[in-house]
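The values are calculated or read from the model by the stated rules, or taken from the named source; none is laboratory data. None of the values given here were measured: they were computed from a predicted structure. Ideal geometry is used to build each Cβ from the backbone, glycine not excepted, and the neighbour counts take in all protein chains shown. In case anyone asks, the SASA skips ligands and DNA or RNA and just uses the protein heavy atoms, side chains included. Shrake-Rupley method; radii C 1.70, N 1.55, O 1.52, S 1.80 Å.
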Amino acid sequence: MKCEIKKNSNAWWVGGVDWNLRDFHGYTTERGSTYNAYLIVDEKIALVDTVKYYLVDELIERVKEVVDPASIDYIISNHTEMDHSGGLTRLAALCPKAKILASANGVKNLSRHFPSLQVTAVADGETLSLGRSTVSFHYEQMVHWPDNMATYHRESKILFSNDAFGQHIASAERFDDEYNGGVLMEEAAKYYANIVWPYGAQVQKVLTALGTLAIDIIAPSHGIIWRSMIADIMKKYWQWARNETKNTAVITYDTMWQSTALLAKALMRGLEDAGVPTTIYNAAVTPSSDIITAALEAKIIAVGSSTLNNNMLPTVAGFLTYLKGLAPKNRTGFAFGSYGWGGQAPKQIHEMLAALEWSLPVDALRVQFIPTEADIERAREAGRALAASIQG
Ligand code: FEO
């Protein structure tokens with residue numbers, strides 16, 4: 001079914017819906033995803049981005065509902081990552097007169113992915129006339145690759161923002177006012193936490209630059225198109241990019257014989273005693289990408305593990321490796337765990353959190369075997385102390 005993004009814009013959604021996607025390089029995608037491509041039809045015709053390789057036929061079918069692919073004059077590649085460039089060589093073959101455009105870094109990246117393609121660089125701020133309307137190109141460097149850029153269609157005030165403002169959602173609905181707003185914001189947060197979080201400074205630069213544009217619609221490269229909730233998502237992006245937190249806590253742990261679990265729950269009670277809302281996840285059953293999403297706005301992040309063969313449990317190590325990559329700043333951390341002998345895990349966790357330059361106001365808590373009542377009280381007191389440290 002043809003989908004014009006805005007009445008009389010002659011800008012069309014022609015993307016692919018990945019209903020069955022459940023994993024996006026380690027990020028769990030319970031709601032699937034879309035790879036949004038867009039077609040701007042004027043005297044000249046431009047296709048903005050393509051789709052993952054296995055959905056190219058779907059893209060081509062949608063393009064054909066609007067125009068003959070051979071009539072496309074430009075293919076704008078806002079980003080090289082293959083969920084958006086996977087259809088480029090097929091499209092290039094179908095659109096013999098199309099000039100492929102990308103950012104300067106996009107040209108470099110695309111030449112490594114698809115050496116046979118001729119790609120022309122566009123500069124940050126450059127404009128391109130399509131006839132009655134004009135597009136301009138706006139670099140979004142490191143949001144989240146060096147090559148990302150947005151394309152802005154001036155006359156319709158549509159910003160094709162690429163990964164920025166995206167969410168992994170497969171849906172029949174295309175627009176925010178047709179979809180569940182709560183779920184949409186939750187998925188936008190998950191996307192930010194797992195894909196964009198390390199680049200807060202760059203996001204702020206991009207938001208400032210995009211702030212000079214009059215925007216009626218934000219059409220990202222994944223998920224739902226924003227037209228009624230633009231102020232909401234902009235506000236959230238500013239908040240996340242500035243790394244603003246709430247006085248809340250996230251505890252994640254894994255446990256061999258429930259002793260570390262008992263400590264985790266006592267810690268939670270201590271935090272809650274002091275009025276800090278706390279969520280708790282067993283890393284053995286909760287994907288890291290979900291724990292990270294919960295951590296996006298939390299000031300306190302506590303991590304616990306039993307000690308197994310002189311190490312933390314692999315589930316916790318996996319989470320910490322993921323966390324290290326995203327490297328959230330300005331958090332308060334805490335390490336804890338039960339052990340039989342050795343008891344290295346809490347110290348290892350403490351060191352990993354220290355390497356993130358977090359505040360660690362309470363020493364790592366180590367408890368041998370099953371926590372006694374006194375040990376439970378120590379964990380609870382640790383929670384109260386952590387709460388006090390953020391409440392000033
Ligand atoms: Fe959706 Fe960075 O690719």
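Could you check, for the range 214-224, whether at least one of its residues is in a helix (DSSP H, G or I), buried (at least 20 other Cβ atoms within 10 Å of the Cβ), of a type in the set (A, V, I, L, M) and in the same structural domain as Phe165 (by TED's automatic domain parsing)?
If we filter the range 214-224 for residues that are in a helix (DSSP H, G or I), which is where we start, we get none.
Within the range 214-224, not a single residue is in a helix (DSSP H, G or I), buried (at least 20 other Cβ atoms within 10 Å of the Cβ), of a type in the set (A, V, I, L, M) and in the same structural domain as Phe165 (by TED's automatic domain parsing).
Return yes when Ile169 is outside any loop (DSSP other than H, G, I, E, B), closer than 18 Å to Ala219 by Cβ and of a type in the set (A, V, I, L, M, F, W, C) and no when it is not.
Values: outside any loop (DSSP other than H, G, I, E, B): no; closer than 18 Å to Ala219 by Cβ: yes; of a type in the set (A, V, I, L, M, F, W, C): yes.
So Ile169 fails the test.
Of everything in the range 37-86, what is within 13 Å of the ligand (Cβ to nearest atom), assigned to a loop (DSSP other than H, G, I, E, B) and within 22 Å of Phe137 (Cα to Cα)? Give them in sequence order.
Selection gives Ala37, Asp49, Thr50, Val51, Asn78, His79, Thr80, Glu81, Gly86.
State whether one or more residues within the range 283-293 are out of contact with any Lys or Arg (no Cβ under 8 Å at 6 or more places or on another chain), among the β-branched types (Val, Ile, Thr), free of Cβ contacts under 8 Å to residues at least 40 places away in the same chain and over 30 Å from His84 (Cβ atoms).
Yes, the conditions are met somewhere in the range 283-293.
Any idea which of Lys190, Lys205 is within 18 Å of Thr293 (Cβ to Cβ) and part of a helix (DSSP H, G or I)?
Working: Lys205 fails: within 18 Å of Thr293 (Cβ to Cβ).
On inspection, the qualifying residue turns out to be Lys190.
Among the residues in the range 103-110, are any more than 16 Å from the ligand (Cβ to nearest atom) and buried (at least 19 other Cβ atoms within 10 Å of the Cβ)? Walk me through it before giving the result.
Filtering the range 103-110 down to residues more than 16 Å from the ligand (Cβ to nearest atom) leaves 104, 107.
When the remaining residues are screened for being buried (at least 19 other Cβ atoms within 10 Å of the Cβ), the result is 107.
Scanning the range 103-110 turns up at least one residue that is more than 16 Å from the ligand (Cβ to nearest atom) and buried (at least 19 other Cβ atoms within 10 Å of the Cβ).
Specify the residue that is farthest from Leu39 (Cα to Cα); the eligible residues are those in the range 118-169 that are β-branched (Val, Ile, Thr) and within 16 Å of the ligand (Cβ to nearest atom). Explain how you work it out, then say what you get.
Here is the first cut: in the range 118-169, the ones β-branched (Val, Ile, Thr) are 119-120, 122, 127, 134-135, 143, 151, 158, 169.
So of that shortlist, the ones also within 16 Å of the ligand (Cβ to nearest atom) come out as 143, 151, 169.
Details: Val143: 23, Thr151: 12, Ile169: 21 Å.
Within the range 118-169, the match that is farthest from Leu39 (Cα to Cα) is Val143.
What are the residues in the range 79-106 that are touching a Ser or Thr at 6+ places or on another chain (Cβ under 6 Å) and closer than 10 Å to Met149 by Cα, if any?
Ala102, Gly106
Please go through (1) surrounded by 17 or more Cβ atoms within 10 Å (Cβ to Cβ); (2) under 32 Å from the mean Cα position of the chain (by Cα); (3) within 28 Å of Tyr27 (Cβ to Cβ) for Ala354 and return the number of the only condition it doesn't satisfy.
Just one mismatch for Ala354, condition (1).
For the range 140-155, give me the residue count where each residue is within 16 Å of Ala104 (Cβ to Cβ) and crowded, with 23+ Cβ neighbours inside 10 Å. Talk me through it step by step, then tell me what you get.
The initial filter retains those residues of the range 140-155 that are within 16 Å of Ala104 (Cβ to Cβ), namely 140-143, 145-151.
Still in the running and crowded, with 23+ Cβ neighbours inside 10 Å: 140, 143, 147-151.
Qualifying residue count for the region: 7.
Residue by residue, here is whether (1) farther than 14 Å from Tyr74 by Cβ; (2) in contact (Cβ under 8 Å) with a residue 12 or more places away in the chain; (3) not in a helix (DSSP H, G or I) holds:
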position	(1), (2), (3)
Leu101	no, yes, yes
Arg112	yes, no, no
Ser116	yes, yes, yes
Arg132	yes, yes, yes
Ser136	no, yes, yes
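Condition check: open to solvent by 40 Å² or more (accessible area, probe 1.4 Å), at positive phi and not hydroxyl-bearing (Ser, Thr, Tyr). Does His113 satisfy that?
No; evaluated as a whole, the condition is false for this residue.
Count, please, the residues in the range 187-198 that happen to be touching a helix residue (DSSP H, G or I) at 6+ places or on another chain (Cβ under 8 Å) and either within 14 Å of the ligand (Cβ to nearest atom) or open to solvent by 20 Å² or more (accessible area, probe 1.4 Å) (or both). Spell out how you get there, then give the answer.
In the first step, residues of the range 187-198 are kept if they are touching a helix residue (DSSP H, G or I) at 6+ places or on another chain (Cβ under 8 Å); the result is 188-190, 192-194, 196-198.
Checking which are either within 14 Å of the ligand (Cβ to nearest atom) or open to solvent by 20 Å² or more (accessible area, probe 1.4 Å) (or both) leaves us with 188, 190, 192, 194, 196-198.
Total satisfying the criteria: 7.
Can you pull out the residues in the range 308-343 that are open to solvent by 60 Å² or more (accessible area, probe 1.4 Å), out of contact with any Gly (no Cβ under 6 Å at 6 or more places or on another chain) and without any contact (Cβ under 8 Å) to a residue 60 or more places away in the chain?
Result: Leu308, Asn309, Asn311, Pro314, Thr321, Lys324, Trp341.
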